[in-house]
Amino acid sequence: MNVTSIKGFRDVLPDEAARRRAILDATRGVLESYGYAEIELPLLEKGELFQRSVGATSDIVEKEMYAFEDRDGTLIALRPEGTASAVRAYVENGLTRSLPVGRLWYSGPMFRRERPQKGRYRQFSQIGAEFFGRDDAAADAETLCLVADICAAVGVRGTRIDLNSLGDAACRPAYREALSEYGRLHASELCTDCCARLERNPLRLLDCKNPGCKAAMSAAPLMIDHLCDPCRAHHDEVLRLLGVAGVAVTANPRMVRGLDYYCRTAFEVVAEGLGAQDAVGGGGRYDGLVAALGGPDMAGIGFAFGLERLDLASRPDGDDLGVAAAAVKILMAPVGEAAAGPALALARRLRQTGLRVEMESPGRRLKAQMKHADKIGARFVVILGDAEIASGRATVRDMRAQLDHASLFGLADDATAIVTKLEQIGQFEQR
Ligand code: AMP
């Protein structure tokens, strides 16, 4: 039996890896244009971190976290999300003092033991951003502008930003009570999961996908109708600013999000064509989390995009090859052992000019090498056979024109002079 990968853990093959890098580059560009600085965070954290932040009764911690006891007895978790780590790092490294209004972003794998399906994996990657130290509505609006700009830069199709307010410590407890009261009255219509949520995490009753629960909860009280005056004013101001900035959002009073730490503004970005797992990203405000993790009383708001879903929602239809196939511009074709060394040396020098140069095997016949050049979509083939080695000059095949240029350049020529020669025989875009 072959050893296979673990269920829910997948390999990212070269075409997808190239698209992911392009997505990451585009996202990084937007984040940096907003003043965000990158932070690298560990993959492993103490389990306690997520129990205290995401919430011990959340699905993520209760059911999905990969956790184990280390040799010294400490409970260790593979991180299921990035916000808790970012906040921990912000506090632990004294950034609350040195960077009291801080904008940080991160990317990397997250781990959740969910039921795998299209767009849902047990290891997936997120690109996340956290904005610390501002509790005003303009910070929320700026964050949503950033979210919209990332979607545009990545080219996500058919996005919609759902927005809600989850209230705060002043108004949510009473609402929570009203909601569980309503839930208790309808308990016989709820699924077993929701019955368990009734007392512990009643907000989650609102976003259960079970049709019976949906029907039972259709007339449930909504947070948006129970906001206290400051939360109401904050929410209205966020909406007003987004209108001025030209960012379209959709009010979704049933969107609650799975993590305990959110307050006031919460949002989710959904994209069309993704099926059941249509959220490409989500986030919200988490004032109180910095203090809960041992820092000062400091506000925060952030979000995370799922890299796999950004890819699914932005990839060109039916075109799996895009980026990777376009990348190789030149195939170096040494024919015979004598050409192997000069070909290696020439390829290295050409790469230093920024060209992509792939080496063929000197043991293969030219015809087979040409076939490969076709397959990878090479623009030029630099042919080094016995005649070329003897004369010290290369033959170049222009793959587009299907034309050979004998003795186009000398093997010892300056690399930039060679590039100029290539440009003269056929326009090409260097990337
Ligand atoms: P969350 O941290 O749950 O708010 O998730 C933020 C984003 O991460 C979601 O909108 C998804 O795009 C992505 N995501 C969450 N869980 C998974 C998963 N199991 N597989 C793939 N992507 C995920």
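The values are calculated or read from the model by the stated rules, or taken from the named source; none is laboratory data. As the structure is a computational prediction, the values presented were derived from the model and not from experiment. Glycine also receives a Cβ, built like all others from the backbone with ideal geometry; neighbour counts cover every protein chain displayed. We work out accessible area using only protein heavy atoms, side chains counted, and drop any ligands, DNA or RNA first. Shrake-Rupley method; radii C 1.70, N 1.55, O 1.52, S 1.80 Å.
Here are a few things to note about the model shown:
- Expressed as a whole percent, the accessible surface of the stretch 172-226 that belongs to carbon and sulfur atoms is 55, based on a 1.4 Å probe.
- Computed from phi, the 3J(HN,Hα) profile of the stretch 354-366 under the Karplus parametrisation 6.51, -1.76, 1.60 (θ = phi - 60°) reads x, 6, 9, 10, 9, 8, 8, 8, x, x, 9, 5, 4 Hz, with x in place of Gly and Pro.
- Cβ-derived FRET efficiency at R0 30 Å, K375 paired with R120, nearest 0.05: 0.35
- Restricting the calculation to Cα atoms, the stretch 1-81 shows an Rg/Rh of 1.08 when the hydrodynamic-style radius is the Kirkwood one.
- In this calculation the C-beta distance from D404 to N2 is compared with R0 = 45 Å, giving a FRET efficiency of 0.50.
- Three-way shape call for the chain based on the alpha-carbon gyration tensor, with the a/c threshold at 1.5: prolate
- Packing around the peptides 151-157, 291-297, taken as the average count of other Cβ atoms within 10 Å per residue, puts them in this order, highest first: 151-157, 291-297.
- R160-A417 FRET efficiency (beta carbon distance; Förster radius 56 Å; 0.05 resolution): 0.55
- Separation of the stretch 272-294 and the stretch 1-32, taken as the distance between their Cα centroids, equals 21 angstrom.
- In nm, spacing of pseudo-spin labels at R348 and D225 (7 Å Cα→C-beta vector): 7.4 nm
- For the chain, the 222 nm mean residue ellipticity estimated from helices alone, with every DSSP H stretch of n ≥ 4 adding -39500 (n - 2.57) and the total spread over all residues, rounds to -11000 deg cm²/dmol.
- Computed accessible area, C145, all protein chains, 1.4 angstrom probe, square angstrom: 30 Å²
- Residues whose amide H comes within less than 5 Å of that of R264, counting only those at least five positions distant or on another chain, are L166, G167, D168 (H built at 1.01 Å from N in the peptide plane).
- In the context of the full set of protein chains, the chain has a per residue accessible area of 47 Å² (1.4 Å probe).
- Between the stretch 187-224 and the stretch 51-69, the Cα center-to-center distance that results, in Å: 21 Å
- Note on A196 and K209: their simple-model spin labels are 1.7 nm apart, each label 7 Å out from Cα toward Cβ.
- Taking a ≥ b ≥ c as the square roots of the eigenvalues of the alpha carbon gyration tensor, the stretch 337-431 is rounded, as a/c is under 1.5.
- Using θ = phi - 60° and Karplus 6.51 cos²θ - 1.76 cosθ + 1.60, couplings along the stretch 292-297 (whole Hz; Gly, Pro as x): 4, 9, x, x, x, 6
- Kirkwood estimate for the stretch 257-310, i.e. one over the average of 1/r between Cα atoms, Å: 12.3 Å
- In terms of overall dimensions, the C-alpha atoms belonging to the stretch 1-140 reach 56, 41, 27 Å along their principal axes, ordered largest to smallest.
- Antiparallel %, DSSP beta bridges [both residues in the stretch 276-415], to 5: 65 percent
- Close amide H pairs (under 5 Å, H built 1.01 Å from N) link F409 with A394, residues at least 5 positions away or on another chain.
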